[in-house]
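A short write-up of the structure that comes next.
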Amino acid sequence: VGISAVDMEGARKNLKAEIDNWDFDGVVKNAEDIWEKELSKIEIESSSKEIKRIFYTSMYHSCLAPQIFMDADGRYVGAENNIYQSDDFTYYTALSLWDTFRAWHPLFTIIDQKRSVDFIKSMIKLYEGRGRLPQWPLTGSTYDGMLGYHATSVITDAYIKGIDDFDVEQAYEAMKNTMMSNDYGLNYYKNLGYIPCDLEGESVSKTLEYSYNDWCVATLAEKLGKKDDYEYFNARAQFYKNVFDSETKLMRGKYSDRTWFKPFNPYVNSNYSEGNAFQYTFVPHDTKGLIELSGGESKFDLWLDDFFTLENPDNSYDHGGVIGQYVHGNEPDHHMPYLYNYVGKPWKSQRIVRKILQEHYSDIPDGLTGNEDCGQMSAWYMFSAMGFYPFNPGQEMYVIGSPLVDKAVINLENGKKFKVIAQNQSPENIYIQSLELNGKVYNKSYLNHADIMNGGELLFVMGNTPNESWASAESGYPPTVNGERVVSVPYINLGDELFRENTKVELKCDDQNAQIFYTTDGSTPNINSSEYKKPVNINKSTSIKFRAYKDGFKPSIVVVGDFQKADFNRVAQPKNIKKGVKYNYYEAAYHSVEQIEEFKPVESGICPKVSIDGRKRDGYFAFVFEAYLKVPKKGIYTFYLESNDGSTLIIDEKQVIENDSYHIAKELSGSLALYEGYHKIKIKYFQAGGGKALKLSWKGAGIDKQEIPMNALFYN
């Protein structure tokens, strides 16, 4: 059988290229040889057959994805389902980046650098076709169902580890432009310093993951000598602090008015993606800063003890592999067992890591306690079984845990070998008694990437009681980033973004004694610009740029506020109108609203209002509604679109709202200045398995907020 995503001729070519001469025994032998070569990149020794089976099953799993999505002649289906030609790299798809940036991609920076380059080039090609890096490359294009832009992590991690056989400047451009876009809450994040929980779903998770992504951009900018970019993104990398609640010591949702989300249930609420407030203590790039926020090392040590023992009062969240609040069956907190190393208690990390290795993996058919997610669960096991883990991808460092294998040899592509030996290792002997690197005593709880790639030997001596003095001094802590303090992001406290005659703009900064400087001529504000003293009166369309300064702090990022004087939309002149809304109904799996109309509708008709009640099934469907909206009088109208999974509102050919809030229904708003009369509207909506909801409301010109009534909707 030959297959191709391109065309029939591609399938024929693939068949001829891959199995021109059919020979069953030959095919079996060839498959065995290929897998033997792949699995021999790491050779382990263990007295336990179960451990051997788990390790090599994990390695096998790690090679199942991503998949080559390219024909033998170099053609492939890429961005927006267009056909492309490659002559110098292999195009891959199914990169589960939200999961795999953590351990799977770092694993391949050690054992398969050629493929690591191809992964990056594949993502850059998607950037070229879409204008931003992918969140989740799938079937040649991209699925935007998860969060964060962790292609930034993969690119930075590879480059700082010496993998640079790709256009680094283009890759950096892709990273920067992606993080400067306005998609998925970045518009709020850039100007507020966090994502408001009343305006965007999974707001805390997105804020934290964007903060880490910004650190990745800053790291690469520094390497490439881009000083201004480094300063800007390094400041944004500290935005995680804006959702840290000093009272609860947890990352907590914050409203657009800067008050905390309430009532606050840390065990379950909508501000986190596939996790809760405990699991989303996600600051791998600035662990020292997180510890300082939490009250110092001793308090953070106690917090970790609670984290690994505290049970949910209502068993509200369980993805499998639960240890207290730690959930190994899902990815957000995979780094957290190694956090004790940062407070001088590495033996506690050794205990937790070994517990996970021994109790949450097995060699039976359901031997994983969660979703494999394209190899991340297995990559975690492989690293941890060898005794170290890539805690913060993008940093040339691995945090040490507790090795499970007796010996491991990594056969590197450069011809060198890195050996790990664990003397006296057993189910009881889980604690490091001493460590040597290349024959020298080693009292650090981390390992540098160069130590591995240069070849050598890491010798553990294990025992059944903790050696609380090993790597417990601060000199042995893993290095962490703790950038210079940055002034809090100033913000617009009052002011109408769309106004009829004029509006007064009030600026604020939550840092005491901070000074705000602003410009209205498009230039970048500095301490020589106009200082904000009182509200600024605006009577024409104006863009205000402002930033805050404070002694002893780095200045804040520049914030931009756009204020638009109303330009009223002209009315349409429809003929032969009748009450109702036209609709097209679709049934397919969609990843974005742009994909909906690429398919033929299953059904078309007229309905009384914008509603998904007429769906024929509850999963994987879409609607496109079109109507004329009768506006009762001239004025500024605010529209509210609530949906799950994705929707857009277009009025008079202008997109007013784009609502992509996966996993939970969220309401977003947008405003327009409209004349009395008829205005053409279009609503696109798709459901992708995360829930179903759609509601269109409005207010303005004497109308209190309400769902748009049937008597205001017409078609012809």
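The values are calculated or read from the model by the stated rules, or taken from the named source; none is laboratory data. These numbers come from a predicted model, not from an experiment. Here the Cβ positions follow ideal geometry from the backbone for every residue, glycine too, while neighbour counts run over all protein chains shown. Heavy atoms of the whole protein, side chains included, go into the accessibility calculation; ligands, DNA and RNA do not. Shrake-Rupley method; radii C 1.70, N 1.55, O 1.52, S 1.80 Å.
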Need the full-extension length gain, K417 to L310, defined as separation in residues times 0.36 nm minus the C-alpha distance. One decimal, nm.
34.3 nm
Relative contact order of the chain (C-alpha contacts under 8 Å, at least 6 apart) in percent is 10
Suppose each label sits 7 Å from its Cα in the direction of the beta carbon; what would the R617-N177 distance come out to in nanometres?
3.8
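Projected area of the stretch 618-668, taken from the Cα convex hull and averaged over every viewing direction, in nm²? Could you put the intermediate results ahead of the total?
Numbers: hull surface 17.7 nm².
If you wrap the Cα atoms of the stretch 618-668 in a convex hull and average its projections, you get 4.4 nm².
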Please work out the average accessible area per residue across the chain, using the 1.4 Å probe convention, and give it in Å².
42
In degrees, nearest 10, the alpha-carbon axis of helix 376-386 is tilted away from the dominant principal axis of the alpha carbons of the chain by 30
For the chain, take the longest principal axis of its alpha carbons; what is the angle in degrees between that and the long axis of helix 8-18, to the nearest 10 within 0 to 90?
10
So for the stretch 590-716, considering every pair of alpha-carbon atoms, how many percent are separated by more than 25 Å?
21
Hey, with R₀ at 30 Å, roughly what FRET efficiency would S298 and S47 work out to, going by the Cβ-Cβ distance, to 0.05?
0.15
Sequence-distant lysines (8 or more away, or on other chains) whose Cα lies within less than 19 Å of K504
K533, K534, K540, K545, K565
Given the pairs K206/K345; K190/K600; K682/K705, which are separated by over 27 angstrom at their Cα positions?
K206/K345; K190/K600
How large is log10 of I(q)/I(0) for the stretch 450-527 at q = 0.12, 0.17 Å⁻¹ when the intensity is taken from the Debye formula with one equal scatterer per alpha-carbon?
-0.66, -0.94
Amide H of A701: which non-local residues (sequence gap of 5 or more, or other chain) have their own amide H closer than 5 Å, using H built in the peptide plane?
I636
Relative contact order, percent, of the stretch 1-133 when contacts are C-alpha pairs under 8 Å separated by at least 6 residues?
22
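Show me the GluC sites (Glu not before Pro) within the stretch 204-286 that DSSP assigns to loop and that have at most 10 other Cβ atoms within 10 Å of their Cβ. Working shown, then result.
Details: sites: E209, E222, E231, E247, E274; in loops: E247, E274.
Hits after loop and neighbour filter: E247.
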Once you have a ≥ b ≥ c as the square roots of the Cα gyration tensor eigenvalues for the stretch 1-105, tell me rounded if a/c is under 1.5, and otherwise prolate or oblate according to whether a/b is larger than b/c.
oblate
In whole percent, the Cα-Cα distances of the stretch 506-602 spread across 10 Å bins from 0 upward as 12, 26, 15, 15, 19, 12, 1
Write down the radius of gyration of the stretch 355-502 and its Dmax, each obtained from C-alpha positions, in Å.
21.9, 79
Alpha carbon centroid spacing (whole Å) that separates the stretch 318-340 from the stretch 136-176:
25
For the chain, whose charge dipole is built from +1 on Lys and Arg Cβ atoms and -1 on Asp and Glu Cβ atoms, the candidate among V461, A11, S47 with its Cα farthest towards the positive end is A11
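Apply 1/(1 + (r/R0)^6) to the Cβ-Cβ distance of D510 and N539, taking R0 = 35 Å, and write down the FRET efficiency to the nearest 0.05.
Details: r = 29 Å, r/R0 = 0.82.
So the FRET efficiency works out to roughly 0.75.
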I need the calculated FRET efficiency for the pair E484 and I3, taking r as the beta carbon distance and R₀ as 60 Å, to the nearest 0.05.
0.65
By a straight-distance test (C-alpha under 15 Å), which aspartates and glutamates pair with K440 as possible cross-link partners, with residues fewer than eight away in the same chain excluded?
D451, E457
Could you give the length gained on full extension between E468 and D366, defined as 0.36 nm per residue of separation minus the Cα-Cα distance, in nm?
33.1 nm
Hey, what's the per residue convex hull volume over the C-alpha atoms of the stretch 102-232, in cubic angstrom?
101
Which residues in the stretch 262-300 have a backbone N closer than 13 Å to a point placed 7 Å from the Cα of S246 along the Cα-to-Cβ line?
292-296
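Show that you can apply the helix-only estimate: for the chain, add -39,500 (n - 2.57) for every DSSP H stretch of four or more residues, divide by all residues, and state [θ] at 222 nm to the nearest 500. All intermediate terms of the calculation are to be shown ahead of the outcome.
Numbers: 16 runs with 179 residues, N = 716.
Calculated from helices alone, the mean residue ellipticity at 222 nm is -7500 deg cm²/dmol.
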Could you work out, for the stretch 331-382, what percent of all Cα-Cα pairs fall into each 5 Å distance bin, beginning at 0 Å and stopping at the bin that holds the largest distance?
4, 18, 28, 24, 14, 8, 3, 1
For the stretch 220-237 and the stretch 552-593, what is the separation of their C-alpha centers, rounded to whole Å?
33
Phi angles of the stretch 65-73, converted by Karplus (6.51 cos²θ - 1.76 cosθ + 1.60, θ = phi - 60°) into ³J(HN,Hα) in whole Hz with x for Gly and Pro, give 9, x, 10, 5, 10, 8, 7, 4, 8
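Provide Y590, Y583 ordered by accessible surface of protein heavy atoms (probe 1.4 Å), highest first. Before the final figure, lay out the partial values.
On the way: Y590 5, Y583 40 Å².
Sorted descending by solvent-accessible area, the residues read Y583, Y590.
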Roughly how far apart, in whole Å, are the Cα centres of the stretch 466-507 and the stretch 23-91?
42
Name the aspartates and glutamates eligible as straight-distance cross-link partners of K578: C-alpha to C-alpha under 16 Å, and not fewer than 8 places from it in the same chain.
E626
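Where does the stretch 329-429 land on the Kirkwood hydrodynamic radius, alpha-carbon pairs, in angstrom?
14.5
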Here, GluC sites (Glu not before Pro) of the stretch 286-356 satisfying both criteria (DSSP loop; at most 11 other Cβ within 10 Å) are E311
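Can you pick out the pairs among K355/K419; K37/K416; K575/K684 whose Cα atoms lie more than 20 Å from each other? Write down the numbers at each step before the final one.
Details: K355/K419 24 Å; K37/K416 16 Å; K575/K684 24 Å.
Too far apart for the 20 Å limit: K355/K419; K575/K684.
Between K37 and N711, 0.36 nm times their residue separation minus their Cα-Cα distance comes to what?
On the way: separation 674, 0.36 × 674 = 242.64 nm, distance 6.98 nm.
Additional length available on full extension: 235.7 nm.
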Relative to the longest principal axis of the C-alpha atoms of the chain, give the angle of the C-alpha long axis of helix 24-39, reported between 0 and 90° and rounded to the nearest 10°.
90
Apply the Karplus curve 6.51 cos²θ - 1.76 cosθ + 1.60, θ = phi - 60°, to the phi angles in the stretch 234-242 and return the couplings in whole Hz, x for Gly and Pro.
5, 5, 5, 5, 9, 5, 4, 5, 6
Put a dot 7 Å past each Cα toward the Cβ at K16 and D567; how far apart are the dots in nm?
5.7
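Treating the beta-carbon of each Lys and Arg as +1 and of each Asp and Glu as -1, no other charges, what is the dipole magnitude of the chain about its Cα centre, to the nearest 20 debye? Walk me through the numbers on the way to the answer.
Numbers: 78 positive and 98 negative charges, 490 e Å.
For the chain, the charge dipole is close to 2360 debye.
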Can you find, among P574, N539, Q564, the residue farthest towards the positive end of the dipole of the stretch 536-591? Put +1 on the C-beta of Lys and Arg, -1 on that of Asp and Glu.
P574
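Evaluate the relative contact order of the stretch 517-650 (contact order divided by residue number), counting alpha-carbon pairs under 8 angstrom at least 6 apart; express in whole percent. Walk me through the intermediate numbers first.
Values: 162 pairs, mean separation 23.6, N = 134.
Dividing the mean separation by the residue count of the stretch 517-650 yields 18 percent.
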What trypsin sites (Lys or Arg not before Pro) does the stretch 456-554 have in DSSP loop regions with at most 16 other beta carbons within 10 Å?
R485, R500, K533, K540
